[in-house]
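Below is one structure; the comments refer to it alone.
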Amino acid sequence: MKVVAAFLLAKLGGNENPSVADVKKILESVGAEIEQEKIDLFFSLIKDHDVTELIAVGREKMAALSSGGPAVAVAAGGGGGAAPVVEPAAAEAKKEEEKEESEDDGAMMSLFD
């Protein structure tokens, strides 16, 4: 995942065709471990593909998946400005879940214990 993130950061930075060296440089800059096999695999998989098209195909596949949980409808758009629309049943289920978590009576440690 970090290889994908580094690649996309390079693209966002204005590099239209990031290279292996570009990805390595980004990973090194944040102190991340460099796994050459994963970098090579990533570049072999995206070779001859437009990354924007791959992302669009991935979004379509993710939209087709069912999470098995409460239904949440998200407006599709390029800008990401639209807020997700949560169905009333999903909102109620989330409230119940939060209520159950708060009734835990301290069985779990808090972050600062």
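Laboratory data are not the source of any read-out in this text; all were calculated from the coordinates shown. The shown structure was predicted, so the numbers you read here are calculated from the model rather than taken from an experiment.
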- Message: Considering only C-alpha atoms, what is the centroid distance from segment 32-68 to segment 7-21, in Å?
- Response: 15
- Query: Going down the table (Lys2/Lys24; Lys24/Lys61; Lys38/Lys61; Lys24/Lys47), which pairs top 19 Å between alpha carbons?
  - Reply: Lys24/Lys61; Lys38/Lys61
